[in-house]
1. Would you be able to tell me the number of residues in segment 156-190 that are within 21 Å of residue 56 (Cα to Cα) and either acidic (Asp, Glu) or part of a loop (DSSP other than H, G, I, E, B) (or both)?
2. Quickly run through segment 41-99 and pick out the residues that are in contact with a strand residue (DSSP E or B) (Cβ under 8 Å, 6 or more places away or on another chain), in a helix (DSSP H, G or I) and of a type in the set (D, E, K, R).
3. Of all residues in segment 187-220, how many are over 20 Å from residue 275 (Cα atoms), over 21 Å from the mean Cα position of the chain (by Cα) and of a type outside the set (S, T, N, Q)?
4. Mind listing whichever residues of segment 86-132 are farther than 18 Å from residue 275 by Cβ and under 15 Å from the mean Cα position of the chain (by Cα)?
5. Of the conditions (1) within 28 Å of residue 219 (Cβ to Cβ); (2) touching a residue at least 12 places away in the same chain (Cβ under 8 Å); (3) not in a helix (DSSP H, G or I), residue 145 fails just one. Which one is it?
6. Scanning segment 191-204 for residues that are open to solvent by less than 20 Å² (accessible area, probe 1.4 Å) and outside any loop (DSSP other than H, G, I, E, B), which turns out nearest to residue 294 (Cα to Cα)?
7. What number goes with the only condition from (1) open to solvent by less than 10 Å² (accessible area, probe 1.4 Å); (2) part of a helix (DSSP H, G or I) that residue 231 does not pass?
8. Out of (1) open to solvent by less than 10 Å² (accessible area, probe 1.4 Å); (2) assigned to a strand (DSSP E or B); (3) under 30 Å from residue 2 (Cα atoms), the odd one out for residue 212 is which?
Amino acid sequence: MRVAVTGSGGRLGLALVAALEQAPFTGPFGPIGWRRPAFDLDTPERFAALLDRDRPEVVVHAAAWTDVDGCARDPELALARNGVATSTLAQVAAERGIDLIVVSTNEVFDGARTDGAGYAPDDAPNPINAYGRSKLAGESGARAAFDAHLDASSRGDGPALGIVRTAWLFGPPGNDFPAKILAAADRARVSGEPLRLVADETGSPTFSHDLAEGIVDLIGAATIAGTHHIVNAGRASRAEWARELLRQASLDVAMEDVPASTWPRASTPPPWGVLEPTPLPGGEPLRDWRAALADDLPALLRERAAAGAGR
């Protein structure tokens, strides 16, 4: 099976390529990695030619503009990159009978629920920031493209569209929340000030390699169609996530819980970013985020050492 990955140089893209290289269904040549300049969200008019050149059977669309503050400052560009480009990819994929998985986000929800439950796939989206609105536009455009293809098809069937929502992604190549917390902890120790941690945002920390394995399971089991929430088990506030990271790293630093409003931002994150995981084909949920963090920690500490932190 020929599987292509957009954004193959990004956090999730790298993990997807690695997971697909080990999958038995991709064959000896492995997955097709698409990154700029071949695949560029700013030039969606080139997507059709790329599909015709490489002829994949499945495309996993991991490319996105994920700078949420950048999206807030330029919502039109966010809509073009995350909404229009995704819709265009879906249209040309559906026309060619190619299955498509669109990776989306918890930020399509407003985060206002207070009942302690995670958002399920059939809960109504209501994004409160430009990033969430642009990703929801991509979801909606992809569904419209595939629905139009099925309506026009005399076969009554056709390619499958999957929407995979995830949350609070972390993993190589760094510059993620855990890496930023380690750097901030080092600065706090040097300054003698407490490390201030946001306590009023809660979500589902998700390891990129675990998410990639979940997506590969969907492809291998031919259960792409539908909306899937793939996140590591458990939930945490930003403060709880940071404390667990520092505990595992055996770093002793004074900490102080603060509200998110301590740091004004261009974008407003949803305060409740918890997704209810949907069943994977194998029947087993992803492991707890703490176990996943433990697997990621050695790479984080190597990066910290290479940067000369804590010396």
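1. Final tally of qualifying residues: 4.
2. Here is the first cut: in segment 41-99, the residues in contact with a strand residue (DSSP E or B) (Cβ under 8 Å, 6 or more places away or on another chain) are 50-51, 54, 56-64, 86, 89-90, 93-94, 98-99.
If we keep only those that are in a helix (DSSP H, G or I) too, we end up with 50-51, 54, 86, 89-90, 93-94.
Answer for segment 41-99, where residues must be in contact with a strand residue (DSSP E or B) (Cβ under 8 Å, 6 or more places away or on another chain), in a helix (DSSP H, G or I) and of a type in the set (D, E, K, R): just 54.
3. The qualifying residues number 10.
4. We begin by selecting, within segment 86-132, every residue farther than 18 Å from residue 275 by Cβ; these are 86-100, 130.
Listed by number, the list holds a single entry, 86.
5. (3)
6. 203
7. Condition not satisfied by residue 231: (2).
8. (2)
The values are calculated or read from the model by the stated rules, or taken from the named source; none is laboratory data. Computed from a prediction, not measured in an experiment: that's the story for all the values here. Using ideal geometry, Cβ is built from the backbone for each residue, glycine included, and neighbour counts are taken over all protein chains shown. What goes into the accessible areas is simple: the full protein's heavy atoms, side chains included, and nothing from ligands, DNA or RNA. Shrake-Rupley method; radii C 1.70, N 1.55, O 1.52, S 1.80 Å.
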